[in-house]
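Heads up: the structure comes next, in structure tokens.
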Amino acid sequence: MQEIPIRALPRQEFNVLLDDQQCTIILYQRGLYMYMDLTVNGELVTAGAICLDGANLVQYPTTKFKGSLHFADSLGTDPPQYAELNTRFFLLYLSEDEEKPEWMKY
């Protein structure tokens, strides 16, 4: 499991290498929920994925992305809020070979 560093901003875009995949992640807050767009090696994988505690942010099986992305709430099971990113809410990557912890719902 790899923690991906993020900042407490209502919108952020960054590049990260995950298991030899060049990923561009965009996180943005809209109302009560945060959403994610993911591009891998220049190809859109998911757009507007709702960020929930423990849920896989790549909601459908795809050959464009190996592994899974999840938010973790260190104080409960609330959906992430930008003001507490990287202090309460953490973005995690699991490779295909890693077993999901029980707290990860999907």
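Observations on the model:
- The length gained by stretching the chain between residue 63 and residue 26 to full extension, at 0.36 nm per residue less their Cα-Cα distance, is 11.3 nm.
- When 35, 93, 28, 82 are compared by accessible area of protein heavy atoms, the largest-first order is 82, 35, 28, 93, using a 1.4 Å probe.
- Checking every one of the trypsin sites (Lys or Arg not before Pro) in region 8-106 against DSSP loop status and a limit of 13 other Cβ atoms within 10 Å picks out 105.
- Multiplying the residue separation of residue 44 and residue 100 by 0.36 nm and removing their Cα-Cα distance gives an extension gain of 17.7 nm.
- When the alpha carbon gyration tensor of region 39-106 is reduced to an equivalent ellipsoid, its three semi-axes come out at 21, 15, 10 angstrom, largest first.
- Percentage relative contact order, region 8-50, counting C-alpha pairs under 8 Å, at least six apart: 28 percent
- Using the Karplus relation 6.51 cos²θ - 1.76 cosθ + 1.60 with θ = phi - 60°, the per-residue 3J(HN,Hα) values for region 24-33 come to 10, 10, 10, 10, 8, 8, 9, x, 7, 10 Hz, with x marking Gly and Pro.
- Sparsely packed GluC sites (Glu not before Pro) within region 23-106, loop by DSSP, other Cβ within 10 Å at most 14: 96, 98, 99, 102
- Rg over Rh for region 29-74 works out to 0.98, both radii taken from alpha-carbon positions and Rh defined as the Kirkwood radius.
- The chain - percent relative contact order, Cα under 8 Å, separation 6 or more: 29 percent
The values are calculated or read from the model by the stated rules, or taken from the named source; none is laboratory data. Because the structure is a prediction, the values reported are computed rather than measured. Reconstructed Cβ throughout: ideal geometry from the backbone, glycine too, with neighbour counts over all protein chains shown. SASA here: full protein model, heavy atoms, side chains in, ligands and nucleic acids out. Shrake-Rupley method; radii C 1.70, N 1.55, O 1.52, S 1.80 Å.
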